[in-house]
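Novice: One structure follows; several queries about it will come next.
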Amino acid sequence: MPCNGGSFGNGTGLSQSSDCKSVQVGYWAPVGTALPIECPRSGFYCPGADADTQFAGARPILVPVGERTVTEEVEVLQKEMT
């Protein structure tokens, strides 16, 4: 069974979609991909399958002319309730 777009599986005998792994930030994967593909270095953005609201990680997203996208991880702080 081929993996859905936005996921990959480098093995034989995959029998269900849960056998596939979702692509991470900086990668994309069309249907049936064995290994994730690195996002093009310029002009495109690959937010990962979970954060991609357009293609679910199945293809790179074109960055509009004159704009840029930077992905940064930030620490989330929780305020203590007293």
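The values are calculated or read from the model by the stated rules, or taken from the named source; none is laboratory data. Model, not experiment: these values are computed from the prediction. Neighbour counts are summed over all protein chains in view; Cβ atoms, including those assigned to glycine, are modelled from backbone coordinates with ideal geometry. Note: areas computed on protein heavy atoms with side chains; ligands, DNA, RNA excluded. Shrake-Rupley method; radii C 1.70, N 1.55, O 1.52, S 1.80 Å.
Novice: When only residues in the range 19-28 that are touching a Phe, Trp or Tyr at 6+ places or on another chain (Cβ under 9 Å) and assigned to a loop (DSSP other than H, G, I, E, B) count, which is most open to solvent (accessible area, probe 1.4 Å)? Don't jump to the end; show me each part of the working.
Specialist: Filtering the range 19-28 for residues touching a Phe, Trp or Tyr at 6+ places or on another chain (Cβ under 9 Å) gives 20-23, 27-28.
Still in the running and assigned to a loop (DSSP other than H, G, I, E, B): 20, 23.
On the way: Cys20: 22, Val23: 5 Å².
Once the filter is applied, the top-ranked residue is Cys20.
Novice: Another question, then. What is the residue count in the range 51-65 for residues that are part of a loop (DSSP other than H, G, I, E, B), modelled with pLDDT of 90 or more and touching a Phe, Trp or Tyr at 6+ places or on another chain (Cβ under 7 Å)?
Specialist: Residues that pass the stated criteria total 4.
Novice: Related question: Within the range 1-18, take every residue that is buried (at least 19 other Cβ atoms within 10 Å of the Cβ) and on the phi < 0 side of the Ramachandran plot and give me the one that is nearest to the chain's Cα centre (by Cα). Give the steps one after another, and end with the answer.
Specialist: We begin by selecting, within the range 1-18, every residue buried (at least 19 other Cβ atoms within 10 Å of the Cβ); these are 3-9.
Applying the additional criterion that residues be on the phi < 0 side of the Ramachandran plot yields 3-5, 7-9.
Values: Cys3: 14, Asn4: 12, Gly5: 10, Ser7: 8, Phe8: 10, Gly9: 14 Å.
The extreme case among them is Ser7.
Novice: Among the residues of the range 29-49, are any touching a strand residue (DSSP E or B) at 6+ places or on another chain (Cβ under 6 Å), outside any loop (DSSP other than H, G, I, E, B) and polar (S, T, N, Q)?
Specialist: Looking through the range 29-49, none of the residues is touching a strand residue (DSSP E or B) at 6+ places or on another chain (Cβ under 6 Å), outside any loop (DSSP other than H, G, I, E, B) and polar (S, T, N, Q).
Novice: Turning to a different aspect of this structure: How many residues does the range 29-55 contain that are open to solvent by less than 60 Å² (accessible area, probe 1.4 Å), within 11 Å of the chain's Cα centre (by Cα) and among the β-branched types (Val, Ile, Thr)? If you could, list the steps in order and put the result at the bottom.
Specialist: First, the residues of the range 29-55 that are open to solvent by less than 60 Å² (accessible area, probe 1.4 Å): 29-30, 32-34, 36, 39-40, 43, 46-49, 52.
Remaining after also requiring within 11 Å of the chain's Cα centre (by Cα): 29-30, 36, 39, 46-49, 52.
Narrowing further to those that are among the β-branched types (Val, Ile, Thr): none.
Qualifying residue count for the region: 0.
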